[in-house]
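Heads up: the structure comes next, in structure tokens.
What follows is calculated from the coordinates using simple rules that are stated; it is not laboratory data. The structure displayed is predicted, hence computed values, not measured ones. A quick note on method: Cβ atoms are made from the backbone with ideal geometry, for glycine too, and the neighbour counts reach across all protein chains shown.
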Amino acid sequence: MKIALEDADKSLRPIMRSIDKKVDYVAALTEGEKPGIALTISKRERTKVITIPVEALVDVDEDAVKWQGLRHRIKRAYDKMLFTAPPLASTKMVRGSISGDGFFRSSGGPRR
């Protein structure tokens with residue numbers, strides 16, 4: 001089964017615009033054992049290449065379930081591309097201030 005690049009681009013454009021309007025993408029045909037589309041997504045100096053098989057692109061415009069499945073596959077790759085891990089919390093213990101005689105003094109008032 002083959003698909004034309006123009007037909008694939010016509011099917012992919014609304015999906016890509018529903019994910020992010022400012023994302024850049026390039027579609028290219030892949031040949032071999034499993035023909036399909038190599039989709040290169042780029043945003044903010046990050047790029048990700050995913051391969052979409054031809055079976056996933058057939059009848060995407062008419063079938064809403066296939067459309068959502070393909071969108072989910074592309075969105076998952078897009079989110080992984082832009083993911084940055086949050087900074088780790090410090091494991092150092094916060095200590096109280098040291099008084100003039102070298103002992104730790106609490107910042108609060110006297111205890112009763």
Q | GluC sites (Glu not before Pro) restricted to the stretch 13-99 and DSSP loop, no more than 11 other C-beta within 10 Å | A | GLU31, GLU33, GLU45, GLU62
Q: Would you mind working out the magnitude of the charge dipole of the stretch 5-82 relative to its Cα centre, with +1 at each Lys and Arg C-beta and -1 at each Asp and Glu C-beta, to the nearest 20 Debye?
A: 660
Q. How do LYS22, LYS43, LYS10 rank when sorted from fewest to most other Cβ atoms within 10 Å of their own Cβ?
A. LYS22, LYS10, LYS43
Q: Would you mind estimating how fast the stretch 5-82 diffuses translationally, via Stokes-Einstein at 10 °C and 1.306 mPa s with the Kirkwood radius over Cα pairs, in µm²/s?
A: 126
